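The structure appears below as structure tokens.
Nothing in this text is a laboratory measurement; each read-out follows from the coordinates by a stated rule. Since we're looking at a predicted model, the values are computed, not measured. Here the Cβ positions follow ideal geometry from the backbone for every residue, glycine too, while neighbour counts run over all protein chains shown.
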Amino acid sequence: MKFGLLVTTGPYQHQASDTALQYCRAALEKGHEIMRVFFYNDGVNNGTRYTTPPQDDRNIVNAWSELAKEHNIDLVICVAAAQRRGIVDEGEAQRNGKDGDNIAEGFRISGLGQLVEAGIECDRVLTFGG
Amino acid sequence: MKFGLLVTTGPYQHQASDTALQYCRAALEKGHEIMRVFFYNDGVNNGTRYTTPPQDDRNIVNAWSELAKEHNIDLVICVAAAQRRGIVDEGEAQRNGKDGDNIAEGFRISGLGQLVEAGIECDRVLTFGG
Amino acid sequence: MTMLHTVNKSPLDRNNLDSCMSMAKKGSKILLIEDAVIGAMDNTAVAEKIKGAMNDFSFYVLGPDLQARGLDEGKVIGGINVVGYDGYVDLVTETDNVQSWV
Amino acid sequence: MTMLHTVNKSPLDRNNLDSCMSMAKKGSKILLIEDAVIGAMDNTAVAEKIKGAMNDFSFYVLGPDLQARGLDEGKVIGGINVVGYDGYVDLVTETDNVQSWV
Amino acid sequence: MAEPWEEDEGPVKKFMFVNRKAPYGTIYALESLEVVLISAAFDQDVSLVFTDDGVLQLKKGQTTDGIGMKNFSPTYRALEGYDIEKLYVDKESLDARGLTEDDLLVDVQVMGKAELADLMDEQDVVMSF
Amino acid sequence: MAEPWEEDEGPVKKFMFVNRKAPYGTIYALESLEVVLISAAFDQDVSLVFTDDGVLQLKKGQTTDGIGMKNFSPTYRALEGYDIEKLYVDKESLDARGLTEDDLLVDVQVMGKAELADLMDEQDVVMSF
């Protein structure tokens with residue numbers, strides 16, 4: 001089956017992005033496809049490479065990057081939600097006059113259409129939120 | 001009276017940091033002092049200069065920066081919470097091998113001791129959270 | 001001592017106000033802000049409970065949060081005081097301590 | 001159609017599970033995850049309500065979330081199925097749609 | 001009415017957006033509305049459900065100057081222009097908040113939980129904010 | 001016992017940390033504990049209250065391998081080493097979750113709401129997580 005995921009809370013504050021990661025791993029293990037994970041609301045905060053969690057704790061951002069690379073998952077950060085919360089890629093930095101960017105590897109910034117598209121193309125869209 | 005504030009949620013997702021700002025303005029108007037605002041949990045996300053909210057919306061990060069400048073308020077971001085969530089100043093960037101920083105003007109990163117100290121020194125500590 | 005308790009979650013969807021009322025001493029002041037302001041309105045499913053609690057506590061509600069949600073001050077439960085942010089500050093300074101039921 | 005409903009908030013502190021049960025059709029599956037897993041335990045203040053709802057719904061609870069919170073699988077309400085993340089995936093694929101009561 | 005050239009434009013799925021949270025206290029109401037508007041651009045079959053504190057999103061008379069936030073409630077009135085006309089409001093949630101249909105700023109269908117359950121059951125995609 | 005040189009070290013205030021949330025579902029329990037540990041370093045008079053789902057923070061037998069998060073519950077056992085010994089647990093919240101004092105991983109004082117209310121009333125600073 002082809003899954004789309006919607007993640008609406010940031011990492012560490014709520015368990016939702018941990019659960020989403022575990023769900024992805026279990027689904028992939030069973031041979032399902034994760035077409036896209038769409039990060040919305042505070043979920044966009046999953047996509048910053050500036051995090052440095054304690055060494056004895058999990059690194060949620062890296063976990064997303066690695067999972068995406070290994071399984072060719074499209075990690076999309078909503079542009080409007082990202083602008084409100086300060087997640088920026090090179091293009092956004094230029095457009096909005098920022099002096100740097102903080103997007104993590106494997107994530108891209110795009111519009112809400114990517115979420116609706118996932119809804120159209122996937123067999124199921126699951127929400128993980130707080 | 002001397003106030004300390006604790007803000008535990010990020011901007012835009014919850015109203016808490018808006019309410020905290022309004023509280024500060026009303027308290028200052030009445031001649032009270034805001035010694036420090038301590039940003040903890042997802043509250044650290046109030047302190048990134050990478051935000052670009054819609055033009056017809058309020059800019060919460062700038063509002064904090066301006067209020068702090070005008071009224072000499074100490075805006076402290078908890079270092080441990082910031083590391084988990086990707087809020088970085090120059091020193092943190094160096095220490096943790098990051099290629100940039102995103103802290104907003106008027107904020108500084110420090111330890112939880114600053115919160116306890118506010119508790120000791122202030123007449124009241126108020127929590128604004130989600 | 002008199003404490004000020006602030007509640008910012010809807011009493012219709014969450015237990016914050018219940019927890020607050022169960023642990024606030026008689027004579028405490030309770031200020032409803034943000035999503036909790038619906039709790040100040042009359043004719044809700046929690047209105048009778050709050051009216052009953054008014055024997056033990058003084059209730060306040062933040063006017064700007066009522067207005068934002070289109071809730072009519074005229075339909076606030078009688079005896080609950082509508083205050084602005086300035087009144088919020090006064091409630092904090094007039095009491096001895098504050099606890100936020102976030 | 002059969003729907004899967006997931007609930008991740010504690011039914012002791014929030015109304016998510018109540019809302020879910022009030023809007024889920026008879027025959028739906030309800031999976032408790034994250035902070036909602038306390039709702040699967042017997043002898044809680046909500047256990048009788050959930051036992052009553054078992055006539056209408058099939059309940060599941062995520063084992064890893066129970067274990068994390070030190071909640072003993074042996075004390076889960078009889079008839080509630082403990083599943084892992086793999087079982088969670090199967091519940092999604094075996095039903096026709098899913099709604100998350102976040 | 002669908003224009004003839006629109007009929008070939010890929011699948012139409014039934015999307016339901018479930019709104020359970022009050023406006024302003026959290027951003028969910030506003031950001032949910034942004035998804036709804038985009039879904040209209042994709043010509044999908046969109047339904048909105050308002051239940052629990054979500055019914056407050058449609059309350060008339062929202063005035064946000066005092067809290068310094070933007071009043072986005074007029075956008076609900078604009079939904080019709082996007083052909084989003086299926087707005088369902090949970091009667092029980094209205095009642096619990098002392099509200100009636102007259103308190104709402106747009107035309108909606110007020111219905112009971114059982115009817116809402118039937119509607120939800122028909123959907124292809126349900127997203128909850 | 002306070003060492004003689006500690007007695008001059010500035011004011012001691014009564015800090016109460018109110019823990020109302022389950023562990024792991026949100027980070028509040030963990031980050032609250034981090035504040036508690038720092039407050040001990042400032043030699044303040046620290047009390048912890050566990051109520052509502054917060055009582056689950058002290059549940060024995062937490063095993064987090066399955067969710068991939070760190071089990072921080074042993075830290076509650078370490079509090080004694082920091083002279084933090086005032087742990088109060090709301091009896092009603094325990095009861096509502098089918099738990100008793102034997103289910104908890106540290107020694108605590110189980111008490112009713114009225115006693116907790118008295119304790120809260122005595123504090124200088126109350127922080128809630």
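In table form, for the structure just shown:
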| item | result |
| --- | --- |
| Radius 12 Å from Cβ of residue D:43, net charge of other residues (Lys, Arg +1; Asp, Glu -1) | -2 |
| Packing-based ranking, highest mean first, of B:35-42, B:118-125 given that Cβ atoms within 10 Å are counted | B:35-42, B:118-125 |
| Candidates F:50, F:72, F:17, ranked by Gaussian network fluctuation over chain F, Cα under 10 Å, top entry | F:72 |
| Spacing of the two label points (7 Å from each Cα toward its C-beta) at residue A:69 and residue D:56, in nm | 4.9 |
| Average beta carbon contacts from partner chains per residue of D:17-30, 10 Å cutoff | 4 |
| Percentage of interatomic Cα-Cα distances in the protein assembly as shown larger than 33 Å | 47 |
| Neighbouring partner chain Cβ atoms per residue of F:113-119, average, 10 Å criterion | 3 |
| Neighbourhood net charge (12 Å Cβ-Cβ; Lys/Arg +1, Asp/Glu -1) for residue E:92 | -2 |
| Reachable aspartates and glutamates, given that their alpha-carbon falls under 13 Å from the alpha-carbon of residue F:86 and they are not under 8 places away in the same chain | F:45, F:107 |
| Net charge of Cβ neighbours under 10 Å - reference residue A:40; Lys, Arg +1; Asp, Glu -1 | -3 |
| Under 19 Å from the Cα of residue A:98 - lysines, other chains or at least 8 residues apart | B:98 |
| Built amide H within the under 5 Å cut-off of residue E:46, gap 5+ | E:15 |
| Relative contact order of chain A, pairs being alpha-carbon contacts under 8 Å that are 6 or more residues apart, as % | 37 |
| Closest-to-axis residue of chain D (Cβ criterion, axis taking D to C), whole Å | D:14, 3 |
| C-alpha long axis of helix F:28-41 to longest principal axis of chain F, angle in ° | 20 |
| Cβ neighbours within 10 Å from other chains - mean over E:57-69 | 6 |
| Mean Cβ count within 10 Å, highest first, over the residues of peptides A:8-17, A:64-73, F:74-83 | A:8-17, A:64-73, F:74-83 |
| Simple label model, 7 Å out from Cα along Cβ direction - residue E:100 to residue F:37, nm | 5.9 |
| Under 19 Å from the Cα of residue A:69 - lysines, other chains or at least 8 residues apart | A:2, A:30 |
| Efficiency of FRET from Cβ geometry, residue B:30 and residue A:90, R₀ 45 Å, rounded to 0.05 | 0.45 |
| Shortest-first nm distances, residue B:100 label point to equivalent points in other copies (7 Å, Cα→Cβ) | 0.8 |
| Where N is the number of residues in chain D, Cα Rg divided by 2.2 N^0.38 Å | 0.95 |
| Ordering of F:95-102, B:103-110 by packing [mean C-beta count within 10 Å, highest first] | B:103-110, F:95-102 |
